[in-house]
Structure formats: C-alpha cells, structure tokens
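Quick note: the coordinates plus some simple rules give every number you see, no bench work behind them. Nothing here was measured: the structure is a model prediction, and the numbers come from that model. Note that each Cβ is placed from the backbone with ideal geometry, even for glycine, and that neighbours are counted across all protein chains shown.
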Amino acid sequence: MQNLKVVDISAWQTKLNWQALKENNIQGIIIKIGEYAHLDEMFISHVNNAVAYNLPYGIYYYAHASTINEAIDESNWIDKQIKTYLNGQNPPLGIWYDAEDKSMLKNKINVAYMIGNFINRLNELNYNYVGLYSSYNWLTNIIDLNLLADYIPIWSAQYYHENSFKLEYPDRICKIWQYTDHKQIDDMILDCNIYYK
C-alpha cells in the first residue's frame, strides 16, 4: 500500500487553500485540537474543511502535563471535545499526544508516565488509535521508551534526509514521520509528513 502525504495544521493556518492541498496530492490532515484545555481557534473550521474536501484527518493535543493526574485530565478533556464536536467518532488518522514542551519536565517525572497514562485513559474510553508525537531528540534522549507499551504508534519529527527513529527502533510502530516544517505548497508553508500505510 502506498504511503500518504499528510500535513499538520493549527490556528496558525488561518487561510488554507484546501483545493491547492488536494491538487498537490495531500492525502490527509492532522489538526490541532488544543492545549491548556482550550480548543484551538481553527479546530472546527479545519475539521469541517477536511470533511468537505474528503480528506481523512487526525487530531493532536499539545501537552503540558507534568504529573500523571494532569495527563489524565488532558485525556478526559479531549474525550469531552470529541463527544461535543466529532460525535464521539475516532478520527481516522488517530489521536496524537504532542509531548515536546519543557513544562512537562518540571516535576522530574519521566515524560513516559504522562504519555502512557494519557493514552491508556483514551484507550479505556474506546478510542482505538491513540499515539505519541515527539521529536527525535525527545524520543531518544528524554522519553524512556522502555516505560511505554510497544503497541503505541509513534509520530516522529526529524528534519533530516531519513527517518532515523524508524531505522533505529524497528520494533516500534513508527506510523508517521514529520520530515519538514517548511514545505511550500502553492503559497502556503506547512509541516509535511509521511504517513506509513
């Protein structure tokens, strides 16, 4: 099966040319749902456009949890938003926990504990495709992957000529590779990813 070209978007992208995305063979969208328990200002518009242009979408949440309870609170907040805005449906390209902010480190608990509890909580709530987004640096130096179940899909960000994480961790499910934050598509500059089928 062919890999997909996917872009990820947030409130920074206020004037997307959705027709140009389709014409440039973008095959999926991952949309920021929010952070600090606040809905991203463009979330509803982006979801509506993804549906209108028949583009499968996923969602991501920018994490700040520095304790297990805070991570569970974040997952419960996401559940509430999905029930409110997405009719409780699993987004076809997954729910992603964006773990890259230094605020997660302030209590000196390994980030893997927050990630694992966030994902477990959403799995308990019957979301069957929940994964981790992070940079190659965090995945290899900060997050203790030994504390995370091997069934968790990973979206690795590394602006490089190859996906080192996928090569170095063949036993992990590397589902998406964000290979640039500066892809020009028409008159738009976007994060671009390969979504492995």
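Compute the distance in nm between two label points, each set 7 Å from the Cα along the Cα-to-Cβ direction, one at residue 73 and one at residue 161.
Result: 4.6 nm between the two label points.
Taking R0 as 35 Å, what's the FRET efficiency between residue 83 and residue 141 from their Cβ-Cβ distance, rounded to 0.05?
0.45
Magnitude of the Cβ-charge dipole of the chain, K/R +1 and D/E -1, about the Cα centre, nearest 20 debye?
Working: 15 positive and 22 negative charges, 54 e Å.
For the chain, the charge dipole is close to 260 debye.
Cα-Cα over 24 Å: which of 5/83; 166/197; 5/32; 80/183; 15/106; 108/175? Could you put the intermediate results ahead of the total?
On the way: 5/83 28 Å; 166/197 14 Å; 5/32 17 Å; 80/183 33 Å; 15/106 36 Å; 108/175 28 Å.
Checking Cα-Cα distances, 5/83; 80/183; 15/106; 108/175 exceed 24 Å.
What are the residues whose amide H is under 5 Å from the amide H of residue 8, where those residues sit 5 or more places off or on another chain and H is modelled from the backbone?
Sorted by chain and number, the residues that satisfy this are 30, 191.
How much FRET efficiency would the formula 1/(1 + (r/R0)^6) give for residue 3 and residue 36, where r is the Cβ-Cβ distance and R0 is 35 Å, rounded to 0.05?
Details: r = 33 Å, r/R0 = 0.95.
FRET efficiency, residue 3 to residue 36: 0.60.
Using Cα centres only, tell me the gap between the stretch 157-197 and the stretch 1-71 in whole Å.
Comparing the Cα centres of the stretch 157-197 and the stretch 1-71, I get a distance of 15 Å.
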